[in-house]
Amino acid sequence: MKTKTVNRRAAGGAAGNGGQERGVHAASTSANGKASSLAGAVVGRTVKRAKARAPRLSAKVWHLRLYVAGQTPKSLAAFSNLKAICENHLKGRYRIAVIDLVAQPQLSKGDQIVAIPTLVRRLPVPVRKIIGDLSNTERVLVGLDLRPAN
């Protein structure tokens with residue numbers, strides 16, 4: 001990989017390009033002289049990089065954690081309600097991690113769990129928490145930012 005550095009003090013237009021090359025630092029090229037796809041160039045004070053645009057929010061995978069205490073009726077209801085909500089509104093764009101605090105109580109400290117069952121939305125940010133069995137679908141959708149509050 002070759003690196004080309006152009007001196008910032010070069011006179012504008014000296015290269016015949018109207019001074020566009022001024023301030024170019026570390027433009028990468030491969031051994032055969034072609035520019036690499038990760039080449040970065042600083043033009044003036046603007047950094048331009050060749051990168052793909054981030055997918056829209058609706059295309060991202062949602063990371064959800066459901067904290068429960070064993071297989072109590074409320075815990076089972078929370079899981080079934082969450083799964084139904086995700087299937088209806090996220091259609092395969094979600095991951096649910098069920099964390100049993102009876103088996104692993106130390107995991108409650110990471111998300112500061114004070115009541116169970118609790119749903120924690122890790123991604124997309126910001127982190128959101130919903131406490132209860134998730135039976136009120138409208139409130140859950142508002143809490144997860146899937147539907148605006150009226």
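Remarks
- Vicinal HN-Hα couplings computed from phi for the range 107-118 (Karplus, 6.51 cos²θ - 1.76 cosθ + 1.60; Hz; Gly/Pro x): 6, 6, 6, x, 9, 6, 7, 10, 9, 9, x, 10
- Net charge, Gly92 excluded, C-beta distance under 15 Å - Lys, Arg +1, Asp, Glu -1: +4
- Amide H contacts under 5 Å for Trp62, placed H, 5+ residues apart: Tyr94, Arg95
- Remark on Arg128: its backbone amide H falls under 5 Å from those of Arg121, a criterion applied only to residues 5 or more positions apart or on other chains, H modelled at 1.01 Å from N.
- Listed values for the range 85-102 are Karplus-derived 3J(HN,Hα) couplings in whole Hz (6.51 cos²θ - 1.76 cosθ + 1.60, θ = phi - 60°), namely 5, 5, 5, 6, 10, 10, 6, x, 9, 9, 10, 10, 10, 9, 10, 8, 6, 6, and x replaces Gly and Pro.
- Amide H partners (placed H, <5 Å) of Ile99, local residues excluded: Leu66, Tyr67, Val68
- Loop-located trypsin sites (Lys or Arg not before Pro) in the range 80-127 (DSSP state not H, G, I, E or B) with no more than 10 neighbouring Cβ atoms inside 10 Å: Lys91, Lys109.
- In this label model, Asn136 and Lys109 are separated by 3.3 nm, measuring between points 7 Å along each Cα→Cβ vector.
- Taking Lys and Arg as +1 and Asp and Glu as -1, the other residues whose beta-carbon sits under 10 Å from that of Arg122 total +3.
Bear in mind that the values in this text are calculations on the coordinates, not laboratory data. From a predicted model like this one, the values you see are computed outputs, not experimental measurements. Virtual Cβ from ideal backbone geometry, glycine too; neighbours counted across all protein chains shown.
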